[in-house]
There are 2 protein chains.
Amino acid sequence: MEAATKSAVPVVSFDTSPDRYRHWKLTFDGPIATLSMDVQEDAALTPDYKLKLNSYDLGVDFELADAVQRIRFEHPEAHAVVITSLKERVFCAGANIFMLRGSTHAWKVNFCKFTNETRLAIEDASQHSGIKFLAALNGITAGGGYELALACDEIFLVDDGNSAVSLPETPLLGVLPGTGGLTRVVDKRKVRRDLADVFATVAEGIKGKRAVEWGLVDAVYPTSQFKQRVAERARELASRSDRPASGRGITLTPLKPKVTDSSVTYSAVDLQIDRDKRVATLTVTAPEDPQPSTPDAIVAAGDRYWPLRAFRELDDALLRLRLNEPLIGTIVLKTHGDPEAVLAVDEMLLAHQDHWLVREIVHLMKRTLKRLDLTARSFFALIEPGSCFAGSLFELALAADRSYMLDNPDQENTISLSGMNGGPLRMSNGLTRLETRFLADPKRPADLLAHDGPFDAEEALEAGLVSFAPDELDWDDEVRLAIESRAALSPDALTGMEANLRFAGPETMETKIFGRLSAWQNWIFIRPNAVGDKGALTAYGSQSRPEFDFKRT
Amino acid sequence: MEAATKSAVPVVSFDTSPDRYRHWKLTFDGPIATLSMDVQEDAALTPDYKLKLNSYDLGVDFELADAVQRIRFEHPEAHAVVITSLKERVFCAGANIFMLRGSTHAWKVNFCKFTNETRLAIEDASQHSGIKFLAALNGITAGGGYELALACDEIFLVDDGNSAVSLPETPLLGVLPGTGGLTRVVDKRKVRRDLADVFATVAEGIKGKRAVEWGLVDAVYPTSQFKQRVAERARELASRSDRPASGRGITLTPLKPKVTDSSVTYSAVDLQIDRDKRVATLTVTAPEDPQPSTPDAIVAAGDRYWPLRAFRELDDALLRLRLNEPLIGTIVLKTHGDPEAVLAVDEMLLAHQDHWLVREIVHLMKRTLKRLDLTARSFFALIEPGSCFAGSLFELALAADRSYMLDNPDQENTISLSGMNGGPLRMSNGLTRLETRFLADPKRPADLLAHDGPFDAEEALEAGLVSFAPDELDWDDEVRLAIESRAALSPDALTGMEANLRFAGPETMETKIFGRLSAWQNWIFIRPNAVGDKGALTAYGSQSRPEFDFKRT
């Protein structure tokens, strides 16, 4: 693992569960789940900093992401979630500054990206899973703490004369509220830009009635009424859900991959790492056993059901690549197995999208593919005989920066589309990957989805579904050269290029967060005014004041 | 002026005209204007680099911007523009690499911003002024040269076995095609993202039939046919224009401001610079003399007509602030004069929007206000007795990050809206500034535009049209403190914050270029892989190969 901090290497475990949470308490009361932040100061990822005042590092956010996931899968009876804190007069002080100060640039960027994805997972659950989120801010709420609140459907703030919401990054740290803060304030909550400007430059934040008037929170209540009002509102929010009123969920068991120095092997996903070439190969295998054919059988199969299992594993592999393998610049995407088995699963998922668990599985697949879109590595899909780039697995090829398909008349090699390519797995820009690919020809996605049967290499190339279709004489050289020359390019230029080419078409709040806000934050994160010897992030918490080079760009 | 290059200080003249162009020839033949690039190698802004192969620096782009402006105002009979080159087998090699390599970060960023604005001005003329642009690529077209072509409505490329279009920034320089290149390829021309990925990583580019198939150009013709095909197509494009078939244009005469060490004074605009406080005051004065009341009288008044004069001066002042005053972080916007005089001009402009010159004036006002939106400085509008924040000048207050309006019952102090706030002066995001301000309340802009007469401070505050309305007891302290505390914040954090708060709502190709592409480019521009001792931009043209830190973020 890359050194997260300049002085120490943390060991991050992606594998957690409520009984092992160190920073959150997850409790259930009928349709209401309560997720309470109670960060343990001494349980940071490295001993370099203390997680005071419910400030957080990536370890805290992994637990939050896990909790949101488990509420969706394990507790279908949970219809509303209250996010609050167990600390007196403190909701959350935001990302831990000393962690940020001590981190490498790459760690800061990946930390911010993951926390953004977690916030978006909350909004995804609200929009698609019938789970509403109420932020119950029982005390001071600063920076990333307020960004977490912004991800909730509603924000209640205690009116105790002291508790305020704030985005103090600009005045105190010389950086941005980069976990969606600025975007959510003006785009989601539609706070007036001049008021947002004042809010984001006032370190102490805004409290009480003014916070409501400016649209920063939805309501404030005195301490004496706060808990009751939160409980009442949570019940109202829960009452609107379309989730099952009762019935058991499924358990997300640990993935337990086999890990060696150069590989991570799961049940349906395999990751091979070649650090010398700076290339990894990520292979997804189609289902090999019979798959459930009714929703009840899916519930019974639980997390052994292939699409859930394969995409959870894929998600885990992507996170490992991001955090543990910074030198792997190019990822070759492969699939292996029977395309018909994948298409049969797709058919099942499409037929039962209104079942709560099927719905959750499809949205998890969608979020995993978004995670891939947002991973700052080059992806090349290789479509070879024996592969199964069909339906939902063909999304991997569509998500790739390029795809190469072997055209050899002597060996069967096809791709297929399914209804899963037509809507359920939309990108952050709100379009399907087919729509994004064929912006110039908006009718083509429907035509291609109506195509009967698989496409061979010639047909796929003609249809524009793959980038190149070399024959067997050219294949080895062409693919090898493409990968080698990719791995030789400037990694920064590639990151910027891919961030621009992958998201053609409309922008959404989500793409604005990653495309605009994060890009500016990344820029600021390497400017001396933030991270130089006398920068604001460096000076924070010390006796010295930051010294700025006041030149504007 | 800030040192543009690390070793020398260029003297940039904003004031140019066709008879003084060093790098372009502008000729007219009936409805066709031809703008031919013929860059003089030895006429760079500094002697540090040679402008070989029609490569360009800011001086070249100033002339291009001037030429596009003059075609619009001085040649209403010009209905199509052919952009080509007088150099054999070379259209344009793009931005000069040695200039980029030697420039400060701020200069690179401002250079890219201005060139982007110039490309957008071409598209604005196409969309709104009935002038179509045909890029006639008579030779190699690389980087910024292709970005210029992308700004045109159509692109013809000579098919001579050698001439190609290319975006070689990523493979050769480790930076991005940042003058809109990546965005225009996938969003404007809707080139498939995997093909765009290949195109932007192949240094030699794409030529001939493949360039047409991929959508990179509209047509290729052999050398023997090229000129004739270009001429034919230009005539076809010209035939669709709604501009006058004949009739004289107006002349844009030099602005000739009075410049001292701390001020720039024009006829209707005054800029006072306080470098110690890092604050400038920019004041726009309302018309003082009677203004023309018919389109013919406007043509006769020419560039003496107040809105054209005032907004040209404002534009010039903004460019001077960007390039010459990097330390001025906060700009106080003021107005002075009779609001009724401004509203009378607005009425005239609105009544005659279908007149070619009035149309041009309104679009110039629009572009100038966009220039302000995109200027990386904090703007505070101060609305005081004697000011004239009415109609089109109230856009200054709406464009500001904040506005302060004195509320003193003893002194008349009002603001007013006009139809100019309701559509003609849209921001880059496609919305009016009122719509952007009131995203949370989409009906309010229409209600406010229907308001009869001016708003006093209390009404303006209540309507949400100003940020604050201190009374005379608080005014001095509140305004002084606001400006002082703004000037003390990290300039980088402010730049990033403002770039995110100013453009709420939808994103367009234009906002994607400035918000996403430029932000990534800025980040890459300070990464060691580009500008470090062994970075690609540093190594270019030398014997040494770049050495990369291959860590991905």
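The values are calculated or read from the model by the stated rules, or taken from the named source; none is laboratory data. Just so we're clear, the structure is a prediction, and the values are computed from it rather than from any experiment. Glycine also receives a Cβ, built like all others from the backbone with ideal geometry; neighbour counts cover every protein chain displayed. These accessible areas exclude ligands, DNA and RNA; they are computed on the full protein's heavy atoms, side chains included. Shrake-Rupley method; radii C 1.70, N 1.55, O 1.52, S 1.80 Å.
Structure notes:
- Filter result (touching a His at 6+ places or on another chain (Cβ under 6 Å) and exposed (fewer than 12 other Cβ atoms within 10 Å of the Cβ)) within the range B:204-254: none
- Qualifying positions in the range A:192-232 - more than 28 Å from A:ASP29 (Cβ to Cβ), within 14 Å of chain B (Cβ to nearest Cβ) and outside any helix (DSSP H, G or I): A:ARG192, A:ALA200, A:THR201, A:VAL202, A:ALA203, A:GLU204, A:ILE206, A:TRP214, A:GLY215, A:LEU216
- The test for being out of contact with any strand residue (DSSP E or B) (no Cβ under 8 Å at 6 or more places or on another chain), at pLDDT 95 or above and within 18 Å of B:TRP356 (Cβ to Cβ) holds for B:ALA297.
- Exactly one residue out of B:ARG552, B:ARG486, B:ARG480, B:ARG545 is under 14 Å from B:ALA376 (Cβ atoms) and either in a loop (DSSP other than H, G, I, E, B) or over 21 Å from the mean Cα position of the chain (by Cα) (or both), and it is B:ARG486.
- If you filter the range A:348-370 down to residues that are in contact with an Asp or Glu (Cβ under 7 Å, 6 or more places away or on another chain) and over 30 Å from A:ARG480 (Cβ atoms), you find that the one that is least open to solvent (accessible area, probe 1.4 Å) is A:HIS363.
- Of the candidates B:ALA44, B:ALA106, the single residue that is in contact with a Pro (Cβ under 7 Å, 6 or more places away or on another chain) and not in a strand (DSSP E or B) is B:ALA106.
So that you can scan it fast, the table gives a plain yes or no per residue for (1) within 27 Å of B:ILE273 (Cβ to Cβ); (2) within 14 Å of another protein chain (Cβ to nearest Cβ):
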residue	(1), (2)
B:ALA376	yes, yes
B:GLU384	yes, no
B:LEU393	yes, no
B:ALA399	yes, yes
B:ASN413	yes, no
B:LEU417	no, no
B:ASN421	no, no
B:THR432	no, yes
B:ARG437	no, yes
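- Yes/no for A:THR27 being crowded, with 20+ Cβ neighbours inside 10 Å, β-branched (Val, Ile, Thr) and either outside any loop (DSSP other than H, G, I, E, B) or more than 22 Å from the chain's Cα centre (by Cα) (or both): no
- Only listed residue being over 19 Å from the mean Cα position of the chain (by Cα), assigned to a helix (DSSP H, G or I) and small (Gly, Ala, Ser), chosen from A:ALA504, A:ALA493: A:ALA493
- The set of residues in the range A:371-386 that are in a loop (DSSP other than H, G, I, E, B) and open to solvent by less than 10 Å² (accessible area, probe 1.4 Å) comprises A:THR375, A:ARG377.
- Selection over the range B:396-409 of residues that are in a loop (DSSP other than H, G, I, E, B) and in contact with an Asp or Glu (Cβ under 8 Å, 6 or more places away or on another chain) gives a count of 4.
- Qualifying residue in the range B:53-70 (condition: open to solvent by 30 Å² or more (accessible area, probe 1.4 Å) and within 19 Å of B:LEU137 (Cβ to Cβ)): yes
- For the range A:508-542, the tally of residues that are over 17 Å from the mean Cα position of the chain (by Cα) and at the interface with another protein chain (Cβ under 7 Å from one of its Cβ atoms) stands at 10.
- The set of residues in the range A:192-203 that are open to solvent by 10 Å² or more (accessible area, probe 1.4 Å) and touching a residue at least 12 places away in the same chain (Cβ under 8 Å) comprises A:ARG192, A:LEU195, A:THR201, A:VAL202, A:ALA203.
- Looking only at the range B:397-449, and only at residues there that are under 22 Å from B:ALA341 (Cβ atoms) and among the charged types (D, E, K, R), the one that is modelled with the lowest pLDDT: B:GLU412
- Index of the failed condition, B:PRO442 passing every other in (1) buried (at least 22 other Cβ atoms within 10 Å of the Cβ); (2) within 14 Å of chain A (Cβ to nearest Cβ): (1)
- Output for the range A:162-191, where each listed residue is surrounded by 18 or more Cβ atoms within 10 Å (Cβ to Cβ) and in a helix (DSSP H, G or I): A:GLU169, A:THR170, A:PRO171, A:LEU172, A:LEU173, A:GLY181, A:LEU182, A:THR183, A:ARG184, A:VAL185, A:VAL186, A:ASP187
- Flag if B:ARG193 is within 30 Å of A:GLY464 (Cβ to Cβ) and of a type outside the set (Phe, Trp, Tyr): yes
- The range B:30-44, residues that are buried (at least 20 other Cβ atoms within 10 Å of the Cβ) and farther than 24 Å from B:LEU252 by Cα: B:ALA44
- So B:LEU318, is it within 14 Å of another protein chain (Cβ to nearest Cβ), among the hydrophobic types (A, V, I, L, M, F, W, C) and outside any loop (DSSP other than H, G, I, E, B): yes
- Restricting attention to the range B:508-551, the residues being buried (at least 24 other Cβ atoms within 10 Å of the Cβ) and over 26 Å from A:LYS551 (Cα atoms) number 0.
- Qualifying residue in the range A:487-505 (condition: more than 18 Å from A:ARG402 (Cα to Cα), facing chain B (nearest Cβ under 10 Å) and aromatic (Phe, Trp, Tyr)): no
- Residue match in the range A:474-487 (condition: open to solvent by 60 Å² or more (accessible area, probe 1.4 Å) and either modelled with pLDDT under 95 or of a type in the set (Gly, Ala, Ser) (or both)): yes
- Subset of the range B:488-507 (residues that are surrounded by 24 or more Cβ atoms within 10 Å (Cβ to Cβ), over 25 Å from B:ARG184 (Cβ atoms) and of a type in the set (Gly, Ala, Ser)): B:SER490, B:ALA493
- Residues being in contact (Cβ under 8 Å) with a residue 60 or more places away in the chain and either within 7 Å of chain B (Cβ to nearest Cβ) or in contact with a strand residue (DSSP E or B) (Cβ under 9 Å, 6 or more places away or on another chain) (or both) - total across the range A:543-553: 1
- Unmet criterion (only one of (1) outside any helix (DSSP H, G or I); (2) out of contact with any helix residue (DSSP H, G or I) (no Cβ under 8 Å at 6 or more places or on another chain); (3) closer than 24 Å to B:LYS113 by Cβ) for B:ALA310: (1)
- From B:VAL259, B:VAL284, residue being open to solvent by less than 30 Å² (accessible area, probe 1.4 Å) and at negative phi: B:VAL284
- One residue stands out among those in the range B:324-347 that are crowded, with 21+ Cβ neighbours inside 10 Å and closer than 13 Å to B:PRO287 by Cβ: the one that is nearest to the other protein chains (Cβ to nearest Cβ), which is B:THR335.
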